[in-house]
Amino acid sequence: MVYRAVSDSSRRRILELLAQGERSVKDLVPRFPMSQPALSQHLRMLREAGLVRVRRQGRRRVYSLRAGPLGEVRDWVERIDRRLYGPPAQG
């Protein structure tokens, strides 16, 4: 599910923003050309993939990045990179 979640450019942008710190849906909406319900659907997919966590702060929902599951994607990219370019140079 992690790969499916990061396959969409809007969801990748959400992850980039959350890597800078926690944000509410209200903070995120102005940064995207989509409605709040559409953004909430993207956040739901990211949450279900384990890439974000949500907590209540009063009436707001605040989202933060859970980077751990991205390790699976990083490891895959590194394997492909090694096959294409060989092991990294020792410096």
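The values are calculated or read from the model by the stated rules, or taken from the named source; none is laboratory data. Just so it is clear, the structure is predicted and the values come from calculations on it, not from any experiment. All Cβ positions, glycine included, derive from the backbone under ideal geometry; neighbour counts span all protein chains shown. Keep in mind that these areas ignore ligands, DNA and RNA; they rest on the heavy atoms of the full protein, side chains included. Shrake-Rupley method; radii C 1.70, N 1.55, O 1.52, S 1.80 Å.
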inquiry  = Testing R4 on (1) under 19 Å from Q57 (Cβ atoms); (2) part of a helix (DSSP H, G or I); (3) of a type outside the set (S, T, N, Q), one condition comes back false. Which one is that?
reply    = (1)
note = Going through (1) under 12 Å from the mean Cα position of the chain (by Cα); (2) open to solvent by 30 Å² or more (accessible area, probe 1.4 Å); (3) among the hydroxyl-bearing types (S, T, Y) one by one, Y85 fails only at (1)
ask   = Limited to the stretch 12-37, what total is found for residues that are open to solvent by 30 Å² or more (accessible area, probe 1.4 Å), in contact with a Leu (Cβ under 8 Å, 6 or more places away or on another chain) and under 22 Å from V73 (Cβ atoms)?
value = 2
task = Output the number of the condition that S40 fails; it satisfies all remaining conditions of (1) on the phi > 0 side of the Ramachandran plot; (2) open to solvent by less than 40 Å² (accessible area, probe 1.4 Å); (3) over 10 Å from the mean Cα position of the chain (by Cα).
result = (1)
inquiry  = Restricting to the stretch 43-70, give me the number of residues that are open to solvent by less than 60 Å² (accessible area, probe 1.4 Å), assigned to a helix (DSSP H, G or I) and modelled with pLDDT of 95 or more.
reply    = 3
